[in-house]
Amino acid sequence: MTKLLIRNAQIFDGLGHSLQDNKSILIEHGRIVAITHADEAGSFEATVIDATGKTVLPGLIDMHAHLLSGGFDTITEVIDSFELVTQERALKQMLYWGVTSVYNPVQPLQSGLELRARTTKADNVSFPRLFISGPGFTAPNGWAGSLLPLARLEPTTLEEAEWGVNQLADAGVDILKIYYDTQCCAFLNPLPKLKTAIMERIISRAHERSLRVMLHAYDTEFQMDALRAGVDIMAHSAVTAPVNDQYIELALKARTLYLATLSVYQDAFDENSLRDYAGEEFVQRTVPRQTLDTLLNKGPLDEFLKVTKKSYLKSQLPTIKSNLKSVSDNGIAVGVGPDTGVMGAFPGLSVHREMELMVDAGISPAQVLVAATRTSAEYLGEQLLGTIEEGKTADLIIVDGNPLDDIRNTRKIEMVIKNGIVVEREKLLSQIMAD
C-alpha cells in the first residue's frame, strides 16, 4: 500500500474546536503514522499531496441512513425494497461526498450482513464502511420504514422480544432499531405503537447482549418513555413539545445520542424548501435525473404530502430547532444522522445539508463537525475512527477553505481518503450518474 504524505494542511482533528495550522500527515498501511509540522516532514518518502489552503477533516459519519435515493424512484409498494443496485448507488454517493462510515438502521438480516461484509474489505474504496441493525422492531402493522416481512420484527410478548434481540445479537449486528411511535404528528392516519413493556424489554436485553439501541419516535413523551428505559440513540428530534428538565436529566443519565434529522422537517415535509434545495447546482450535478424528476410539481411528492401533517410539522420547526440547541447546551451528545434516503435527503449530500441546518439552529460549526466525526464514531463503538491522531485509521477528507468559518465549505471536497487509499471520486460520480 502506497505511503501518502499530506503537506501544508490545516487540520480539524475532531478533538478540539480549532484548527492546527501548517501540518503534515503521514499515512502508511491505512493508518496515520505521524503528524508533524510541515517543515519537519521533508525526510518522509511518500506520494505527496499538497494541501496548502485546504483543511483536512476526519471522514464524515452518517448515523441514520436508509440506502435509498432521496426521491421516489427507489420507493416501491413496500417503501424500502432493499434492491442491491439502489443500495450500492447510495453508498457510492455517500463516499463521493466524504461520508466514510454509515449506519443503516433497517435491513433484512441476511442481505445486510452480506452488504456489510462487502463494504468492510480494507481495499474497497467504492463504498463507505457500513454498520447495520438488521430488521427493525415494531408493533404489528406499525411503522418500520418497510412493509417487507424480512425487514420487520413484530413481537407481541416479552419472550418474542427477547428472542428477536438474541437472534440479531447472535448474527453480529451493530446496533438495534426500535420503532415506538404512532406517527400521528407526521401522518393523517396514526399507526399502532409497540407496547411500552416490550420496548423496555428489548432495550434491557440488548444491553445485556452489549448492543446499543436506536429509537424512532417523533413524540416527545414517547421519547421520554424510552429514555427512562435507557435508550442509547434518539433517531429524531423531539417534535411535539419542548424538552424539559426531566428530559435532559433522563438523556444525560442514559448517555443518549441525539440526532435532530432537521433535513426531514425542513425539506421532506415542505415541497418548496425541498425543490429550492434540489435546484442547487451541486445537487443537480451529483444526483441522478431520475431521482430529481420524481420531486417536481404535480408528481409523487405532492401526492405523498396529501397524507401528511406538513403544516403542523412546519409550525413545530422552531420547537425542533430549539430542542436541538437545548440538548446540546445541556451536555447531551449530539450526532449527525439526517434520515438519509427520505425525500430530499440525497445520499452523502444529506450529511452536509444536515450540518448546515444544525449550524442555523445555533450549534457552532466546530460542535457540528465533532458530532459528525468523533462523537458518532464513539457511538458506533469504533475507537480507530472519527479523529485525526497517530495510530488512527486514515479516513480523511480534504476540503477547500475553512469549515469553521462557513460550514458549507465541507461541500468543497478536493479529496476523499478511505483506509489510506485515495478515492477516485470522478469515477464514482460517473457510475452514480450512469446507473
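The values are calculated or read from the model by the stated rules, or taken from the named source; none is laboratory data. On a predicted model such as this, the values are computed, not experimentally measured, just so you know. So basically every Cβ, Gly included, is an ideal-geometry build from the backbone, and we count neighbours across all protein chains shown.
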Conditions (1) free of Cβ contacts under 8 Å to residues at least 40 places away in the same chain; (2) buried (at least 17 other Cβ atoms within 10 Å of the Cβ); (3) among the hydrophobic types (A, V, I, L, M, F, W, C): number failed by LEU296:
(2)
Whether any residue in the range 231-240 is more than 17 Å from THR261 (Cα to Cα) and surrounded by 15 or more Cβ atoms within 10 Å (Cβ to Cβ) is what I want to check.
yes
Taking interchain pairs and intrachain pairs at least six residues apart, which have beta carbon atoms under 8 angstrom, with the first residue in the range 83-107 and in the same structural domain as GLN290 (by TED's automatic domain parsing) and without any contact (Cβ under 8 Å) to a residue 12 or more places away in the chain and the second of a type in the set (Lys, Arg) and not in a loop (DSSP other than H, G, I, E, B)?
none
Counting only strands (runs of 3 or more DSSP E) entirely within the range 1-73, those with at least 3 residues that are without any contact (Cβ under 8 Å) to a residue 40 or more places away in the chain and surrounded by 15 or more Cβ atoms within 10 Å (Cβ to Cβ) are 20-28
Just give me the residues in the range 135-153 being touching a strand residue (DSSP E or B) at 6+ places or on another chain (Cβ under 8 Å) and assigned to a loop (DSSP other than H, G, I, E, B), in sequence order.
PRO135, THR138, ALA139, GLY142, TRP143, ALA144, GLY145, LEU147, LEU148
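Rundown of residues vs (1) without any contact (Cβ under 8 Å) to a residue 60 or more places away in the chain; (2) surrounded by 21 or more Cβ atoms within 10 Å (Cβ to Cβ), yes/no style:
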position: LEU369; (1), (2): no, yes
position: GLU378; (1), (2): yes, no
position: LEU385; (1), (2): no, yes
position: GLU389; (1), (2): no, no
From the option list PRO128, PRO140, PRO149, PRO155, single residue qualifying as assigned by TED's automatic domain parsing to the domain that holds TYR179 and under 19 Å from the mean Cα position of the chain (by Cα) is PRO128
